[in-house]
Amino acid sequence: MRRRPALDLVLYLRGKINTGLSRTFNAMRRGPRVTPPPLDEVIQGGRTPLALSRLLEGRSNPERQAALGRYFGEHRIPFALQAFESSHGRSENFSVDVGSGERVLVLIAHHDAVPGSPGANDNAAAVGILLNLLERLSVSPPARVRVRFLFTAEEEWGYLGARHYVREANLAELAGVLSLELCGIGDSVAIWDAAEETPFLGRVRAALEGIGLVRDATYHVVGRIPLFGSDHRAFAPEGVPAYGFTLVPTRHAEALRQFVFSPLRSAFRHLITRPVPFDTYHTARDAGATLEPAALAMALRALEAIIAEVT
């Protein structure tokens, strides 16, 4: 079992600060109340990424976790369950493998949200994308690589679910990791925390360019982001090529770059005007009405291309 006590402490404190600020901010500035639709209606309803995002949107974290488990059960999707205890109770990571082969491509979407936020773009949209992609890929599974769809708990608490997963995983079999964050708004793909060139990153670039995306225009590769993070950061310290995958609006690209690469500004992110999609990030306004079907479709297309390139 891999242990990094100092890193664990830093990430735990980061998670407490992160969720504490969000809880305070959302209590002060409430958005329109989001009433989740009946779970049966969502599970038996549409299978687009937008429709599937409603599985989680507006529900509490225990409800989101239970809804995902029930979705797999109702649709008879075999999954592996990794349960762990934390200060917040019992949490569960779910994983589903599709395909065959010795190498594994991991696609991650965390199923939790910060207190007081409906959690649509962060991160119900990503869950909806992966559930839709899982179904599509199951029709014709890849023969030379396994795609592992990993749905993690407690990302907002310092990637706690992903770190529990990494401690028990066979990391030697991993070809690469992408964690999906904020994938429901925007018209260009951002691959981030990509500080060094790797064979996996090269395949990601080739896949994006293969579907007509243009570097620094409709897709961007950026280095380590100072304060914002996601579950891929549980894998990267172990030598696994692991990056964030996000959709961003091209018209706000420069404002976003300045925002995420300014640690001081990011530290006071609740006190300033923030560019899209960070204007709703971790707020009570992160509702399904803000999601863009075209962004979800673009993320899906990009991921399908990456899977094809890795195989």
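The values are calculated or read from the model by the stated rules, or taken from the named source; none is laboratory data. Since the model is a prediction, treat every value here as computed from it, not as a measurement. Here the Cβ positions follow ideal geometry from the backbone for every residue, glycine too, while neighbour counts run over all protein chains shown.
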TODO: Would you mind finding the one in V147, V221, V204 that is of a type in the set (V, I, T), at pLDDT 95 or above, under 20 Å from the mean Cα position of the chain (by Cα) and closer than 27 Å to E57 by Cα?
DONE: V147
- [ ] Collect the residues in the stretch 276-311 that are within 17 Å of the chain's Cα centre (by Cα) and acidic (D, E), keeping them in residue-number order.
- [x] D286, E292, E304
- [ ] Go through the stretch 146-174 residue by residue and tally those that are in a loop (DSSP other than H, G, I, E, B) and surrounded by 20 or more Cβ atoms within 10 Å (Cβ to Cβ).
- [x] 5
Task: Odd one out for N61 among (1) under 28 Å from P142 (Cα atoms); (2) out of contact with any Ser or Thr (no Cβ under 8 Å at 6 or more places or on another chain) - done: (1)
TODO: Output the residue which, of all residues in the stretch 260-308 that are of a type in the set (D, E, K, R) and surrounded by fewer than 18 Cβ atoms within 10 Å (Cβ to Cβ), is modelled with the lowest pLDDT.
DONE: R265
Open item on the list: Filter the stretch 194-240 down to the residues that are outside any helix (DSSP H, G or I), in contact (Cβ under 8 Å) with a residue 40 or more places away in the chain and out of contact with any Asp or Glu (no Cβ under 9 Å at 6 or more places or on another chain) and list them by number.
Closed with: A194, T198, L213, P226, L227, F235, G239, V240
TODO: Provide a single number: the residues in the stretch 73-125 that are under 13 Å from L56 (Cα atoms) and of a type outside the set (A, V, I, L, M).
DONE: 9
